[in-house]
Structure formats: C-alpha cells, structure tokens
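Working notes, beginning with the structure itself.
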Amino acid sequence: MRTDTIDQFASSLAAADVACTRVEAAEFSAALDDVVDAPAVGVPLGIDGVSLDDTAVELPPTPRLLREAETGVTRVHGIVDHGSFVIQADAAGTEPVSLYPRTHVGVVRASDLHADVEETASWLGEEFDAGRDAAVLATGASATADMGELVHGVHGPQSVHAVVVTDR
C-alpha cells in the first residue's frame, strides 16, 4: 500500500473527526494500548502478526463486557475517499463490539483500504458471494440531529479511532 493512500485515508478520517494511528505490526500492542480506554472489549482481528493477546483488551465479548466497556476493538476495512469503516458482521461479535462501547477502535490493514465506494462495492460483492453478507459502512461517530441539536453516540460510538497497520 502506498503511503499517499494511507495519508489520504488519514486526511478523510480527520475530516470526520476520527484520529488515526499508523503502526507496523511489531509495535501494534503498545500503540493500541495508547488509544484504548479501559475497560476494553474486542474480537480476534485475523491479521497475521497482529493480536489482542498482549493488550488491555478482553475477549471474547460477553453481554457484561459489552455493557461495561469504554472501548471496543475490531478489524475493519476502510474507504479512503470518505474515511469510512466497513464493519463486517460475524459470529465473533464484531458488529456489537463496534457499536456498544463509547469508543470504537477500528484496526485496518493498509492492504484493506479501498479507494472509493465503487471499489468497496466490488469487493463487498465478492464477500457476499462467499457468504459474508452483512456489513455496515460507518463514517465517524454516531450522530443524529433528529431532535434539533447534533447529538453524538445515539446509535453507536461517541468517538472513533483508526489504527492502520502499515506493513500488512
């Protein structure tokens, strides 16, 4: 993945008020602990050389952990043009871990960054054909202005942070 693509993703994230940390796999655990507020819950990331084992993140998610967690950590894909996360639902609990805690930390491999919605839709088509047929596209913190003033965290996290693993 080219550095300018990661730079563009970070810029798009910043426009959505989402912080971005770039890290190589060897420094992942320390970098993650720097951005996680305890207690934290997560799901296995499924990224070679990257794990939650040596972090403050507890797994697997349980109803108690989801209720008490300040931070949820999941793997995501990214849409560079919009700074969006693609959160795929799975049996491990990725979707609720991304939604219930106050902060969602999305971990994305640089190779899982998609240039735009069109490229993302093409990739999702392949995922759906393979049986992974549920995904949420999320840009920034959850917000609504249905009742007047903008309110964050109504339908999901109040803050979002991206950790881009640059060598994967």
Give the carbon-plus-sulfur fraction of the accessible surface of the stretch 82-168 in %, rounded to a whole number; probe 1.4 Å, heavy atoms of protein chains only. 50 percent
Gain in span if fully extended, Leu137 to Asp34, counting 0.36 nm per residue against the direct Cα distance: 34.5 nm
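If contacts are Cα pairs under 8 angstrom and at least 6 residues apart, what is the relative contact order of the chain in percent?
28 percent
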Can you give the accessible area per residue of the chain, in Å², using a 1.4 Å probe? 50 Å²
Return the FRET efficiency for the residue pair Ser111, Arg64: r is the Cβ-Cβ distance, R0 is 41 Å, and the value is rounded to the nearest 0.05. 0.75
Could you give me the radius of gyration and the Dmax of the chain, taking only the C-alpha atoms into account and expressing both in angstrom? 15.0, 46
Please report Rg over Rh for the stretch 83-136, where both radii come from the alpha carbon positions and Rh follows the Kirkwood definition. 0.97
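The values are calculated or read from the model by the stated rules, or taken from the named source; none is laboratory data. Remember, it's a predicted structure, so these values are computed and weren't measured experimentally. Because the Cβ atoms are built from the backbone with ideal geometry, glycine has one as well, and the counts that use them run over all protein chains shown. Areas reflect the complete protein model, heavy atoms only, side chains present, ligands, DNA and RNA absent. Shrake-Rupley method; radii C 1.70, N 1.55, O 1.52, S 1.80 Å.
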